[in-house]
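K.L.:
Dropping the structure in here first, questions after.
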Amino acid sequence: MKVKEIIVVEGKSDTIKVKQAVQADTIETNGSAINKETLQLIKHAKRKRGVIIFTDPDFPGERIRHIINQEVPGCKHAFLSSSEAKSSSIKKSIGIEHASVQAIKQALHHVHELTEGIESDITQRDLLTYGLIGGLDAKIKREQLGSILHIGYTNGKQLLNRLHMFQISKNELDLAMKHIL
């Protein structure tokens, strides 16, 4: 599988793993302290070929994703779940470099693009009804939902925003929740 867009990853290990899964060019942020030169490179890449942000499913990865999204609006996004990115040998290590080739291919196959104008019809009440916020199993359900919809894991406060951001419809939510429940 060849990817037209340039994939933004966190480091060299991620680049190596992505290139095992697909033919693609990458830009490495070298951690969460993204410098102006890297942001300029990402802006140029977006203008020329498009960009897919593919960061680790952890706090630093989400921070990088947010910074890039603020500075370079209109990028595409690919996500892995924490379980897909968990190391089998290094305790508590999560990252793209630990994911299987198949998980990476799947994540890049289900890329989301942020666009404006279309609004999601999902409400806070829907999240409460499905037990995605405020319940005992809410975190587990959000992890499963993020995996099914390929939007990554979010906490309860971020979930509605993420669903709206990626224009997930109420119907898509209902189908995903039927699968989970």
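K.L.:
With charges only on Cβ, +1 for K and R and -1 for D and E, what is the dipole size of the chain about its Cα centre, in debye, rounded to 20?
P.N.:
300 debye
K.L.:
So what is the 222 nm mean residue ellipticity for the chain from helices alone, if each DSSP H run of at least 4 adds -39500 (n - 2.57) and you divide by all residues, rounding to the nearest 500 deg cm²/dmol?
P.N.:
-14000 deg cm²/dmol
K.L.:
Translational D (Stokes-Einstein, µm²/s) of segment 58-104 at 20 °C and 1.002 mPa s when Rh comes from the Kirkwood sum over C-alpha pairs?
P.N.:
In µm²/s, the coefficient is 182.
K.L.:
Positive end of the charge dipole of the chain (Lys, Arg +1 and Asp, Glu -1 on Cβ, about the Cα centre): tell me which of A45, A78, I180 has its Cα farthest that way.
P.N.:
Looking along the dipole axis, the top candidate is A45.
K.L.:
Then there's this: Expressed in whole Å with the largest first, what are the equivalent ellipsoid semi-axes of segment 90-150 derived from the C-alpha gyration tensor as the square root of 5 times each eigenvalue?
P.N.:
Largest first, segment 90-150 gives 26, 20, 9 Å.
K.L.:
Something else: Taking just the alpha-carbon atoms of segment 1-103, what radius of gyration and Dmax come out, in angstrom?
P.N.:
12.9, 39
K.L.:
Another one. With a cut-off of 8 Å between alpha carbons and a minimum separation of six or more residues, what is the relative contact order of the chain in percent?
P.N.:
Rounded, it is 18 percent for the chain.
K.L.:
Here's a follow-up. Out of F166, F59, F79, any idea which swings most in a Gaussian network model of the chain, alpha carbons joined below 10 Å?
P.N.:
Result for the chain, Cα springs under 10 Å: F59 fluctuates most.
K.L.:
Exactly which trypsin sites (Lys or Arg not before Pro) in segment 46-151 are in a DSSP loop and have at most 10 other Cβ atoms within 10 Å?
P.N.:
Those that pass, being in a loop and sparsely packed, are K91, K92.
K.L.:
Taking the Cα-to-Cβ direction at D137 and at S83 and moving 7 Å from each Cα, how far apart do the two end points lie in nm?
P.N.:
Taking the two extended label points, one gets 1.3 nm.
K.L.:
Going out from 0 in 5 Å bins, what whole percent of all Cα-Cα distances in the chain drops into each bin?
P.N.:
For the chain, the binned pair fractions read 1, 8, 17, 21, 19, 16, 10, 6, 1, 0 percent.
Just so you know, all these numbers are worked out from the coordinates, no wet-lab data involved. It should be emphasised that the depicted structure is a prediction, and the values quoted were computed from it without experimental measurement. Virtual Cβ from ideal backbone geometry, glycine too; neighbours counted across all protein chains shown.
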